[in-house]
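Engineer: Pasting a structure below so you can have a look.
The values are calculated or read from the model by the stated rules, or taken from the named source; none is laboratory data. Only a predicted model underlies this, so the values are computations on that prediction, with no experimental measurement involved. Note that each Cβ is placed from the backbone with ideal geometry, even for glycine, and that neighbours are counted across all protein chains shown.
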Amino acid sequence: MSNRFKSGTIMATALLASAIAASASAGTMHIFWKDLRPATQAAAESVGLPMIAAKMPDRGETLSLDLQDKTVQLAGYALPVDRDGDLVYQFLLVPWTGACSHMPTPPPNQIVLVTPAHPYRMSEAYQPVSVTGALQPGMEKSQLFILDGVSVIQSGYTVRKAEVINVDTVPDTITLPVNSPWTFLNKKKN
């Protein structure tokens, strides 16, 4: 095989791989937390944090079925559910730091149960991440082991075989109010 043919084959393979990657990312919808709740449901900022299911007429169980089976990308904060040391096999993706363990649990339509495609190495709870995968609406219960015991958390969505990457910021994060005892969670680490 000549060098010209080899380099042409390598270039064609690279172009095909690039086209496949572009096609996959073109089919990915970049969504925000508001996309997971009905338009009629008030945002956390409107009702005042904590935005908890008990304060909502539907208990936060109305899900967005328009996103079913769609490949989505959503940024949030990872809270480990199943881990071994720093390897995480399953986590809850939540819209603000402190949700579920330090503060009341957000409504189910604001929690995503994520199973990474590969164990994800997490250095800290509430690590900001971006998750990409097929979104499945449906109520799931998970046991969350926290300092003062076990809590059962209901999530409204799941993403299995998710691609997970670290991010510096969550674009639509909710900042805790100044009078919250958990404002230290808003501070960036150096």
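Engineer: Of the residues Ser151, Ser155, which is modelled with pLDDT under 90, polar (S, T, N, Q) and either farther than 19 Å from Val170 by Cα or not in a strand (DSSP E or B) (or both)?
Structural biologist: Ser151
Engineer: So how many residues does region 111-139 have that are within 18 Å of Thr169 (Cβ to Cβ) and not in a strand (DSSP E or B)?
Structural biologist: Number of matching residues: 5.
Engineer: Can you tell which of Leu79, Leu74, Leu87 is closer than 22 Å to Arg37 by Cα, of a type in the set (A, V, I, L, M) and modelled with pLDDT of 95 or more?
Structural biologist: Leu74
Engineer: Something else now. Here is a list: Val112, Val131. Which entry is over 16 Å from Val167 (Cα atoms), at pLDDT 95 or above, in contact with a Leu (Cβ under 7 Å, 6 or more places away or on another chain) and not hydroxyl-bearing (Ser, Thr, Tyr)?
Structural biologist: Only one candidate qualifies: Val112.
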